[in-house]
Each structure stands twice: as C-alpha cells, then as structure tokens.
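Throughout, read-outs are computed from the coordinates displayed, never taken from laboratory work. Since the model is a prediction, treat every value here as computed from it, not as a measurement. Because the Cβ atoms are built from the backbone with ideal geometry, glycine has one as well, and the counts that use them run over all protein chains shown.
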Amino acid sequence: MRSFLFLVAGLIGGVAATTGVAATAGFAATTGSAQTVQVYPNVPGEVVLENERVVVQRFITEPGQWQGVHTHPGNQVYIHVRGGEWTISRGGQDTISPAETGSLGWWDRVDLSEQHDTANSGDTPIEHILVNLKPCGPLTSG
C-alpha cells in the first residue's frame with residue numbers, strides 16, 4: 001500500500017512539474033497562507049506522504065458519518081481504497097454517488113459558499129486517499 005502511494009504521488013507530482021499545473025490558493029489558513037491539505041470538520045485525516053510537490057492524505061469515513069461542510073482547494077486527485085456509497089450535498093441538494101473500490105477522480109475547487117458536505121450512506125467504512133498538488137515553481141529545463 002505504501003509503495004502504491006509513493007508511485008501515485010510521484011507520478012502526479014511529476015506531471016505537475018512537467019506540465020506547469022499548479023494548485024490554486026483554495027483555502028486561506030489562519031496565517032493567511034494557501035492551504036494544500038484537505039480539512040473535513042468531522043473526519044480526521046492522516047498525512048501519509050509530503051514532499052515539495054504534493055501532500056497525500058488518508059481518510060476513513062464511517063457508515064452514517066457526515067464529513068461536515070467543507071471546501072476543496074482544487075487540483076486534487078482522489079482514490080477510493082475501499083469504496084462504498086456517498087451522499088453528496090451541495091446547496092441543499094443531495095445526490096447518491098456509488099464509489100467502487102479502486103475508482104479515482106479529480107476535485108476542482110469548491111468554495112464554502114456552495115455548502116458542500118459528504119456522508120457515507122452505505123453500511124461499511126469508506127477509505128480514500130487525496131493527493132493535493134502544491135503550487136509549482138518556475139519550470140526549468142533539465
């Protein structure tokens with residue numbers, strides 16, 4: 001599992017560096033700096049890898065648990081290590097979204113004004129990894 005995370009983070013970090021993709025300043029932390037980690041009010045996360053290009057986090061959302069209204073900074077890849085059924089709420093509208101184990105996708109920026117929240121509406125824990133791209137410096141020829 002750990003080598004899988006290193007592989008994913010390395011590939012994504014390499015793509016970000018070679019294509020010039022940069023993370024947007026999605027959240028303002030209390031110090032006013034850009035936040036490159038995901039924060040869910042009700043679900044603690046674990047940083048499993050951090051380097052100059054990415055922060056990789058692991059989250060487990062229990063059955064019936066809401067993550068709490070949150071934002072996304074954008075430029076995030078998610079990977080479902082253990083899938084399940086999500087209820088995704090945006091602006092008071094709920095959508096049921098199945099997530100298969102091994103599925104992955106991309107999060108664009110989601111602002112707090114969207115009132116985005118997510119719940120595990122299934123009967124087993126959902127485990128997912130978020131790969132958060134850090135801002136890139138200038139590209140150099142190598």
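Scanning residues 5 or more positions from residue 65 or on other chains, those with amide H under 5 Å from its amide H are 120, with H placed 1.01 Å from N in the peptide plane.
For residue 72, neighbours were defined as the other residues whose beta-carbon sits under 10 Å from its Cβ, and their charges (Lys and Arg +1, Asp and Glu -1) total -2. In a shell of Cβ-Cβ distance under 12 Å around residue 135, excluding residue 135 itself, what net charge do Lys and Arg (+1) and Asp and Glu (-1) give? Computed value for this residue: +1. In order along segment 50-66, phi translates into HN-Hα couplings of 9, 9, 6, 10, 9, 10, 10, 10, 10, 10, 10, 10, 6, x, x, 8, 8 Hz, rounded to whole numbers, per the Karplus curve 6.51 cos²θ - 1.76 cosθ + 1.60 with θ = phi - 60° and x for Gly and Pro.
Converting phi to 3J(HN,Hα) with the Karplus coefficients 6.51, -1.76 and 1.60 and the offset θ = phi - 60°, segment 43-48 yields 10, x, x, 10, 7, 9 Hz in sequence order, with x at every glycine or proline. Scalar couplings 3J(HN,Hα) for segment 81-87, obtained by applying the Karplus form with A = 6.51, B = -1.76, C = 1.60 to θ = phi - 60°, are 6, 10, x, x, 10, 9, 10 Hz; x denotes Gly and Pro. Which net charge results when you count Lys and Arg as +1 and Asp and Glu as -1 among the other residues whose beta-carbon is under 10 Å from that of residue 89? It works out to a net charge of -2.
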